[in-house]
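Okay, so here's the structure we're looking at.
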Amino acid sequence: YQTLGFQVPNFGHLPMILGPDRTKLSKRHGAASTLEYRIMGYLPHALINFLVRLGWSHGDQEILSVDDLKKYFSLEKIGKANAVFNPDKLNWTSGHYMRETKAPELYAYLQKYFSSQIQFMQEVAPARALRGIDITQEKVKTMPELIEQLQCLFGSDPVYSPGHFSAEEKNAVFGILNVLQPVLATSDFSHADLEAKVRNEAQKMGQKLTPLAQALRFAMTGG
């Protein structure tokens with residue numbers, strides 16, 4: 001700069017980003033371009049939020065919108081210690097944005113970037129698709145996970161692979177389903193009524209809710 005007669009700018013040092021084992025982040029840690037993270041199903045705001053927290057902080061605030069960053073970001077708050085790229089933290093951040101993003105936005109994002117993966121929804125009316133997203137987005141952290149949930153709702157009938165059940169487990173599942181089938185036949189299929197009836201049967205059987213829920217899930221989704 002001085003040789004060319006330019007004004008020397010102020011330089012800032014950004015912390016290195018380390019892998020979970022605290023060595024330099026590399027491909028073996030899963031390091032990828034930002035576009036690859038889109039393919040993996042992370043929303044843009046989730047990735048921005050996660051990346052900006054690598055070496056910078058605003059107190060203990062973990063979730064920061066772009067407007068927050070415009071308001072709070074300053075070079076003075078960049079840390080001196082190296083940052084650790086934690087995939088679990090990325091998934092946690094992604095899960096927050098999957099829950100908070102409105103269903104129409106998620107649907108538009110699916111159509112734009114994951115159209116080939118949601119061919120099974122071609123005949124699904126938009127209102128039903130939005131309802132499906134609305135009731136499943138609480139359970140997922142990435143777009144592929146959302147698609148998997150939507151496949152259960154709108155995809156083809158499940159293929160059952162009971163091979164991972166032992167004979168004893170199969171008998172237990174069939175027993176539960178035989179008990180629940182006539183009970184569910186009397187339900188109005190509202191959320192409250194379904195939950196009350198299944199919990200009541202669990203109590204009568206002396207069971208926790210989990211085995212009944214797992215049996216129902218397998219019957220409905222094959223998974």
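The values are calculated or read from the model by the stated rules, or taken from the named source; none is laboratory data. Note that the structure is predicted; figures quoted are calculated from it, not measured. Cβ sites come from the backbone with ideal geometry, for glycine too, and all protein chains shown count toward neighbours. SASA here: full protein model, heavy atoms, side chains in, ligands and nucleic acids out. Shrake-Rupley method; radii C 1.70, N 1.55, O 1.52, S 1.80 Å.
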For this session: Run Lys80 past the list (1) over 21 Å from Glu145 (Cβ atoms); (2) free of Cβ contacts under 8 Å to residues at least 40 places away in the same chain; (3) charged (D, E, K, R) and report the number of the one that doesn't hold.
Result: (2)
Problem set entry | Pick from the range 9-40, criterion among the hydrophobic types (A, V, I, L, M, F, W, C) and open to solvent by 70 Å² or more (accessible area, probe 1.4 Å), ranking: farthest from Asn86 (Cα to Cα) | Phe11
For this session: Filter the range 92-118 for residues that are assigned to a loop (DSSP other than H, G, I, E, B) and either among the acidic types (Asp, Glu) or farther than 14 Å from Ile39 by Cα (or both) and give the result.
Result: Thr101, Lys102
Exercise. Considering the range 45-65 alone, what residues qualify as being open to solvent by less than 20 Å² (accessible area, probe 1.4 Å) and in a loop (DSSP other than H, G, I, E, B)?
Worked result: Gly55, Leu64
Problem set entry | Of residues in the range 207-218 being farther than 13 Å from Ala172 by Cα and in a helix (DSSP H, G or I), the one farthest from the chain's Cα centre (by Cα) | Leu209
Problem set entry | Unmet criterion (only one of (1) surrounded by 13 or more Cβ atoms within 10 Å (Cβ to Cβ); (2) under 20 Å from Thr136 (Cα atoms); (3) touching a residue at least 24 places away in the same chain (Cβ under 8 Å)) for Val173 | (2)
Seminar exercise, completed: Reported set for the range 48-67 where residues are in contact (Cβ under 8 Å) with a residue 24 or more places away in the chain and either β-branched (Val, Ile, Thr) or under 23 Å from Leu110 (Cα atoms) (or both) is Asn49, Phe50, Ile63
